[in-house]
Each structure stands twice: as C-alpha cells, then as structure tokens.
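Where a number appears in this text, it was derived from the coordinates with a stated rule and is not lab data. These figures come from a predicted structure and were not determined experimentally. Positions of Cβ are backbone-derived with ideal geometry, glycine not excepted, and every protein chain shown enters the neighbour counts.
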Amino acid sequence: MKTQNIKPESTFKMYEVLSGIWIAGCLNTATELNIADKLSEGAKSISLLAKETKSYEWQLYRIMRALSSVGIFEELENKTFALNDLGAALQTDVPGTLKNFILVNLNESFTVFRELTYSAQTGNVPFEQVHGMNLWDYYKKYPEKGVNFGKGMTGLSEVVLKSIMNTFDFSSYKTIADIGGGNGSMIFDILNASPDSTGIIFDEANVIEETDQLIPEHLENRCSTVSGSFFNTIPDNADLYTMKWILHDWNDEECIQILKNIYQAMPKGGKLLIIEAVIPDDSQNKPHIAKLQDIIMMACLTGKERTLNEFKLLIENAGLRFNRFIPIGTDLSSIIECEKI
C-alpha cells in the first residue's frame, strides 16, 4: 500500500483537533454547574466556586484552567476566575445564550456523534440507533429535555433574529404565519416591528401548549396559535409564510411535501421566506458553519444543510417560484424568498 509521509506539524495539528473533545467535556461541566451565572456576580476564587458548586477544588480548577486556556473565562492571580465575553454566552436565560444548546449537544446528542460510521455505512440516523426512537418522539417522551431543546434553539436564534429584522421589512404584510414557529420568538419580533400586522404561530400540539403561555399581553389581540402537523394541513390565506430552521430537519421528499402543503394554503401572490443556513455552491475546502451543522443533521435527523441550488430544486418541485436570495450578514442563516404565482 502506497503511503504519504506525515509532517510533524500535521501530527500536532491533528492532536489539536482531537483536543476539541476534551474542551467540550470541560464546557459541559461548566455549563451544568452554572459557572457563568456564578461569575456574573464578580470574579471568584476556585475555592469559593468549588464550595458553591459542591465540587472538588483541584478537579474544578483543572477544568477551569483548560477552559481559560482557550478563551472561555479568564484566570486571574491566585486561582481566581472572572467572566469574559465568551464565557458570558453560557449564562442562563440571557438573550444570545448558548447554554441550553450546549446541554443538548453534550447530553442526548453526544453519544450519537460517535456513531457516524453507522450512518456512513447504512444511511440511517444514528440518533434513532442510539435512543431507539427519532428525535421528536424522544422529546415527547422526555418533555423536560424538549423544553431545554426549545430554549437551545431560542438562544441560538436570538442573534439571528436581529439580523433578520434589520434586513427584511415585514410591515407590508397583513397576516404572517410562522410554520414550525416554536415558542413564537420570531413572530413576536415581527409583530413588534409591524404594528398593522397579525401573526399565526403554527406547530405541534405539545409545543403550542407551551407557546400559548408565552404570548406577550400587548400582542394577544394580534397573535394566535394553531396546532397541527405541516405534513398535513397548513393555516391558509396568510400573505406571508415564514419557516426558520425547519427544512434542514427533513430529507428532500419530506421537504417537498411540506412546501407543497404551504403552496396549497397560500393565496396567489403569497410569499414564503425560507430561513436557513445556505452552503455556498462553490465552497470546496472552505470553512462554513453550515458544513458543520450538517453533521448534526446527519447524526440526529433525516435532514441536511443545503446549497442554494439544492433549495431551488425543492422550491421548483413544490410548484413555487424562487424570487431572490437575501444574505443577512451571518453564515448561520440567509433568507430565500419564494412566491406562489
């Protein structure tokens, strides 16, 4: 067998790549122990942090030292630690937090990533192999984990929502339906910016049950909820439909079915905004966050991240017309505008 010589710097680089799993383990501990919340009160010694988290001081110090070495928290003199900008993203219930999404990835999803070979050799979903059910059934069986998953999506999307609102003007649309709208955060932002619009949040019954309790009092007269499956019936006759981070959960056939159902519900001239991370069509060997998110999709769901050309094929097969591609300033999402003609 022909081989290629290994450069020493390549060995070191690969070792550095591997070290990411060790940092992830430390990150999980810091998140579970709410270290960022405790440091938001001010810098604390490791002895005080250990006392407050009921941890062994030396073990906790080693974890905090490792995290600080990659910029998560800041180590000061005498084994004292402070919260910095990166560590702040681990706080509880603060806009933009990644805490809940980290807990998802390093708990129920963590063992799944070890089974990517299973996916490569069978074409099946590792999450279902590991847990014996699909992700959505898992969160129905363990609703407390489902709540954390929802919070994880919200924390991740809050920064993206600001970019969406700064890029797209929703004010000309009378009725806006958010398909798979979850806890309603996007519709709430849209309605706050569009005082003459009404909104509909559409999602599964178990999700809507929670969402009903979250509608702000000042939006109660303009925001309603509808429960159901987007594989069946979609609320009809909205001027604008939105879907954020929905299609990447499903395979091509499932996506076309969802889009066809929206098409049937739309009036002629109605528009749909597909909000997803879009892999550039000509990006071989170039980094893009969607290429990494795609591994989450492969490990946990039947879906995938897509290029713009792949989205255009789905749109065409559903009978919709592609109007335009709208970058919003972050690789986490772009807007694809479609129309029923």
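Observations
- Taking all Cα pairs closer than 8 Å and separated by 6 or more residues, the relative contact order of segment 172-331 comes to 20 percent.
- Rg/Rh (Cα only; Kirkwood hydrodynamic radius) as it applies to segment 238-341: 0.96
- Trypsin sites (Lys or Arg not before Pro) restricted to DSSP loop in segment 33-97 with at most 13 other C-beta within 10 Å: 54
- Over all projection directions, the Cα-based convex hull of segment 76-177 averages an area of 11.0 nm².
- Under-5 Å amide H pairs with residue 223, H placed in peptide plane, nonlocal only: 199
- Ellipticity at 222 nm from helices only: DSSP H runs of n ≥ 4 in the chain, each -39500 (n - 2.57), divided by the residue count, give -13500 deg cm²/dmol.
- Long-range amide H partners of residue 177 with built H, under 5 Å: 200, 240, 241, 242
- Counting only lysines at least 8 places from residue 140 when in the same chain, those with an alpha carbon closer than 20 Å to its own are 151.
- Euclidean distance between Cα centres, segment 172-192 to segment 104-165, Å: 24
- Highest-fluctuation residue, 36, 50, 318 considered, GNM on the chain with Cα pairs under 10 Å: 50
- On a per residue basis, the convex hull of the C-alpha atoms belonging to segment 147-240 measures out at 96 Å³.
- For residue 276, the shell of other residues with beta-carbons less than 15 Å away shows a net charge of -4, using +1 for Lys and Arg and -1 for Asp and Glu.
- Cα gyration tensor shape for segment 144-201, rounded if a/c is under 1.5, else prolate or oblate: oblate
- Against the compact-protein benchmark of 2.2 N^0.38 Å, the Cα-based radius of gyration of segment 19-103 scales to 0.97.
- Pairs of Cα atoms farther than 32 Å apart, the chain, %: 38
- Highest mean first, the peptides 183-190, 145-152 sorted by other C-beta atoms within 10 Å per residue fall in the order 183-190, 145-152.
- Charge tally for residue 216 (other residues, Cβ to Cβ under 14 Å; Lys, Arg +1; Asp, Glu -1): -3.
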